[in-house]
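The structure appears right after this line, and notes come after that.
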Amino acid sequence: MATITQEQFAAALRDSSLPVPEGIAAWNAARPLRRFGVYRNNVVSGLIGAVASRFPVAEKIVGEEFFAGMAYEFICLHPPRSPLLLSYGDGFADFVEAFEPAREIAYLADVIRLEVARGRAYHAADATPLAADRLAPLDEGQLASLVFTPHPSASILRSVHPTVTIWAMNAGEMAFAPIDDWHGEDALIVRPQMIVEVHRLPPGGATFLEALLSGSTLAAAAGAAFAAAPDFDLSANLAGALQAGAFSDLLTGDDHE
């Protein structure tokens, strides 16, 4: 009897054009074609379902049939490396971005990236958001040197497309309407309590929050934001980030000297 490797078995499961590997047998058949076909179908259908469950908005945009075909191509090239499928599909956006049949839907990859960020936020560790009143007793010098601890669920998405609006319309968060002003949108994704929230950011907001979430001082982050967007409103953006729950703690200059 021929020896079959795990790689051969896995490849045949993913690709229906491949024959049943030599060496597979059953009690009632030397080469159980039908049984292997059923098993192959169940595995592929399960993986397609797992990808679809992570990206319901992307599936809604392109339709179930197109999405299933796209997911199948992804599965063939990028099979899961773990029996835990919680993070399977993290690379789906990059695949879709280069997937020729979806090229005309240029915003689709960023919608998928937004759904990835929402999933990560949902499964992130719980933490109490930083209360805005923690800043009240600080003087101007202390404020400038503040370093914020990111909330475990917080992340930033940048997009050259109106991705937040497209996602919100297809997720039922807002009514469908023509997007007359087609421009890029950035977002803060965070889960301060039980529900994941997506906040559309104003000009300079993504630069500001990316700097803060990476450990820059408030003064340095504000400087970067003003350079990116001269009309950047520091007070409004900081208040919005605190209200959204983007941080879990802060350090003053005295704390991190």
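Please report the projected area of segment 166-237's Cα convex hull averaged over all directions, in nm².
Its average projected convex-hull area is 6.1 nm².
When a footprinting reagent is the concern and you count Cβ atoms within 10 Å, what order do His78, His151, His123 take, fewest first?
His123, His78, His151
If each residue's Cβ is checked for other Cβ atoms within 10 Å, how do Ser82, Ser87 rank with the fewest at the top?
Ser82, Ser87
What number comes out for the charge environment of Tyr122, summing +1 per Lys or Arg and -1 per Asp or Glu over other residues with Cβ under 13 Å away?
+1
Over segment 118-186, what is the relative contact order in percent, taking alpha-carbon pairs closer than 8 angstrom and at least six residues apart?
34
Report D for segment 125-257 in µm² per second (integer): Stokes-Einstein, Kirkwood Rh on Cα pairs, 10 °C, 1.306 mPa s.
102
Measure out, as a whole number of angstrom, how far apart the alpha-carbon centroids of segment 88-157 and segment 177-252 sit.
10
Among Ile61, Ile189, Ile195, Ile179, rank each residue by its count of other Cβ atoms within 10 Å, from fewest to most, as a rough exposure measure.
Ile195, Ile179, Ile61, Ile189
What FRET efficiency comes out for Arg134 versus Arg200 if R0 is 35 angstrom and r is the Cβ-Cβ distance? Round to the nearest 0.05.
So, using R0 = 35 Å, E works out to roughly 0.85.
Please give the residues of segment 57-83, grouped as numeric ranges, whose backbone N is less than 12 Å from a label point set 7 Å along the Cα-to-Cβ vector of Ala50.
75-76, 78-83, by backbone N distance to the label point.
Where Rh denotes the Kirkwood radius from the mean inverse Cα pair distance, what is Rg over Rh for segment 98-193?
Value, to two decimals: 1.10.
If I stretch the segment between Ala177 and His123 completely, what's the gain in nm (0.36 nm per residue apart, minus their alpha carbon distance), one decimal?
Result for the pair: 16.3 nm of gain on full extension.
Laboratory data are not the source of any read-out in this text; all were calculated from the coordinates shown. This is a predicted model, so every value here is computed, not measured. Reconstructed Cβ throughout: ideal geometry from the backbone, glycine too, with neighbour counts over all protein chains shown.
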